[in-house]
Amino acid sequence: MKIVLAYSGGLDTSVIVKWLRETYEAEIVTFAADVGQEEELKGLPQKARATGASKHYTLDLVEEFARDFIYPMIRANAIYEGQYYLGTSIARPLIAKAQIEIAKKEKADTVAHGATGKGNDQCRFELTYMALAPQLDIIAPWKNDVFRSQFPGRAEMIAYCAEHKIPVEASVKKPYSMDRNLLHISYEAGILEDPWFDPTTKANKGMFKLSVSPEDAPNKPEYVELDFEQGNCVSVNGKKLTPAGVLKALNKLGGKHGIGRVDLVENRFVGMKSRGVYETPGGTILMQAHRQVESLTMDREVMHLRDGLIPKYAELVYNGFWFAPEREALQALVDESQKRVTGTVKLKLYKGNIITCGRKSPYSLYDLKIASMEGVKSWYNQSDATGFIRLNGLRLRARNLAQGGPKI
């Protein structure tokens, strides 16, 4: 038996490598996807082999992640439940896809992951496995009674790592889970499970890694200009960058000015509510800038149609249906809507705020002559509004005359 494990080197997967090998008497191949974790990837091959892996792969997926996963989602303006920028959600289908490729290369018959049986990641990993490689067996230790009896909580896992000299960042003093990639960092579990707990106090603010708190941000605002082509940001302050380069630049700028922190209670796919704290500095800037270019260039009815589909698109990403036909169909509509979303946006960053200062586009639908209130002549005739309103009010008048109208 050969198992390919999605491996981060964090607390859970550090324990799982050794547990899988001993439980299934299997050869364990570990796989880590570089989706922008940066220093978290250091030493993973040595660590994986020291805990029982026969081989380790680390694949650089940063550019693919930005180009083929984050950017399509930004084009859709997808935000889950109005707050969550889907940073963890959007990385999982890419990681699972690459894991499948390693399994094929290694001729493995099984894939495994360290997601819990209470969370969303189990759905995202396993739905991707089923969509792309239904012949593979799946092992999820957290859904195994024996594993859970041995490790009922994080404290037991931390003790296990200490006993076996497995280095992990988690500790009894900082018992929370952290997941990082190019788009964001998420923090959950442990001390954060209390929705009244405040992680922004002076004593707790060391938890954050991508951003300063708004009160510690510079007292002077900073301006940034972003250029878009067909819904994709292609340059920052006039400098052409790849999608990953854009996000790296904006993460640095946003983090400097305390932008992109969110503390929320969200509805998980499995049915429970969960508290999470997130840092998404670059993605938050990018999303606001993208919306501003759309405001100039996108037809009203197309925008409203697309906007009506945002909750569904975000839900599909959140729940793990990236490789589902309905997401692909929605993406086709989204991408059609983006063909003229080209232009430049100027933003001011200041103490956690993103302030729009200007936008322009060669495809702008904004007509100054029509919009002006200064008596400028145009082909818009204000007298036409009388008939327009009368026709739209016809049913309201009829209701009042025939039925008495609304109660007031």
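Identify the residue in region 304-338 that is small (Gly, Ala, Ser) and under 22 Å from Tyr84 (Cβ atoms) and, among all such residues, is most open to solvent (accessible area, probe 1.4 Å).
That would be Gly308.
What number of residues in region 195-245 are assigned to a loop (DSSP other than H, G, I, E, B), farther than 30 Å from Ser364 by Cα, of a type outside the set (Ser, Thr, Tyr) and open to solvent by less than 50 Å² (accessible area, probe 1.4 Å)?
Within region 195-245, residues that are assigned to a loop (DSSP other than H, G, I, E, B), farther than 30 Å from Ser364 by Cα, of a type outside the set (Ser, Thr, Tyr) and open to solvent by less than 50 Å² (accessible area, probe 1.4 Å) number 6.
What's the number of the condition Lys118 fails, among (1) surrounded by fewer than 22 Cβ atoms within 10 Å (Cβ to Cβ); (2) in a loop (DSSP other than H, G, I, E, B); (3) under 18 Å from the mean Cα position of the chain (by Cα)?
So Lys118 meets the others, but not (3).
Go through (1) modelled with pLDDT of 95 or more; (2) under 30 Å from Pro167 (Cβ atoms) and name the single condition Gly52 misses.
(1)
Please specify each residue of region 246-274 satisfying the condition of being open to solvent by less than 60 Å² (accessible area, probe 1.4 Å), aliphatic (A, V, I, L, M) and assigned to a loop (DSSP other than H, G, I, E, B).
The one that is open to solvent by less than 60 Å² (accessible area, probe 1.4 Å), aliphatic (A, V, I, L, M) and assigned to a loop (DSSP other than H, G, I, E, B): Ile259.
Restricting to region 26-55, and then to whatever is free of Cβ contacts under 8 Å to residues at least 40 places away in the same chain and among the basic types (Lys, Arg), can you tell me which residue is most open to solvent (accessible area, probe 1.4 Å)?
My answer is Lys42.
Only residues in region 95-107 that are surrounded by fewer than 21 Cβ atoms within 10 Å (Cβ to Cβ) count as the first member; pair them with residues that are assigned to a helix (DSSP H, G or I), Cβ under 8 angstrom, at least 6 apart or cross-chain, and list the lot.
From residues that are surrounded by fewer than 21 Cβ atoms within 10 Å (Cβ to Cβ), the pairs are Ile100/Thr128; Ile100/Tyr129; Ile100/Leu132.
Thr23 versus (1) open to solvent by less than 10 Å² (accessible area, probe 1.4 Å); (2) farther than 19 Å from Asn181 by Cα: which is the lone unmet condition?
All conditions are met except number (1).
Among what's in region 178-189 and is open to solvent by less than 40 Å² (accessible area, probe 1.4 Å) and modelled with pLDDT under 90, pick the residue that is nearest to the chain's Cα centre (by Cα).
Filtering first and then ranking leaves Asp179.
Select from region 133-162 the residues that are part of a loop (DSSP other than H, G, I, E, B) and open to solvent by 60 Å² or more (accessible area, probe 1.4 Å) and write down the one among them that is modelled with the lowest pLDDT.
Per the stated criteria, the residue is Pro152.
Is there any pair linking a residue in region 68-88 that is within 15 Å of Ile185 (Cβ to Cβ) and in contact (Cβ under 8 Å) with a residue 60 or more places away in the chain to one that is part of a loop (DSSP other than H, G, I, E, B) and open to solvent by 30 Å² or more (accessible area, probe 1.4 Å), with Cβ under 8 Å and at least six apart or on different chains, and which?
From region 68-88, the pairs are Tyr85/Ile79; Leu86/Ile79.
Do the conditions hold for Leu192, that is, is it open to solvent by less than 50 Å² (accessible area, probe 1.4 Å) and either in a helix (DSSP H, G or I) or free of Cβ contacts under 8 Å to residues at least 12 places away in the same chain (or both)?
yes
Show the residue pairs meeting these rules: Cβ distance below 9 Å; 6+ apart or different chains; first residue within region 281-302 and more than 27 Å from Lys256 (Cα to Cα) and without any contact (Cβ under 8 Å) to a residue 12 or more places away in the chain; second residue open to solvent by 10 Å² or more (accessible area, probe 1.4 Å) and outside any helix (DSSP H, G or I).
Cβ pairs passing all conditions: Arg300/Leu365.
To keep it simple, each residue is scored yes or no on (1) open to solvent by 70 Å² or more (accessible area, probe 1.4 Å); (2) more than 30 Å from Thr342 (Cα to Cα); (3) out of contact with any Phe, Trp or Tyr (no Cβ under 6 Å at 6 or more places or on another chain).
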{"residue": "Thr356", "(1), (2), (3)": "no, no, yes"}
{"residue": "Lys360", "(1), (2), (3)": "yes, no, yes"}
{"residue": "Tyr363", "(1), (2), (3)": "yes, no, yes"}
{"residue": "Leu368", "(1), (2), (3)": "yes, no, yes"}
{"residue": "Met373", "(1), (2), (3)": "yes, no, yes"}
{"residue": "Trp379", "(1), (2), (3)": "yes, no, yes"}
{"residue": "Ala385", "(1), (2), (3)": "no, yes, yes"}
{"residue": "Ile389", "(1), (2), (3)": "yes, yes, yes"}
{"residue": "Leu394", "(1), (2), (3)": "yes, yes, yes"}
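The values are calculated or read from the model by the stated rules, or taken from the named source; none is laboratory data. All figures in this text were calculated on a predicted structure; none of them were measured in a lab. We place every Cβ from the backbone using ideal geometry, glycine too, and count neighbours over all the protein chains shown. Heads up: the accessible areas ignore ligands, DNA and RNA and are worked out on the full protein's heavy atoms, side chains in. Shrake-Rupley method; radii C 1.70, N 1.55, O 1.52, S 1.80 Å.
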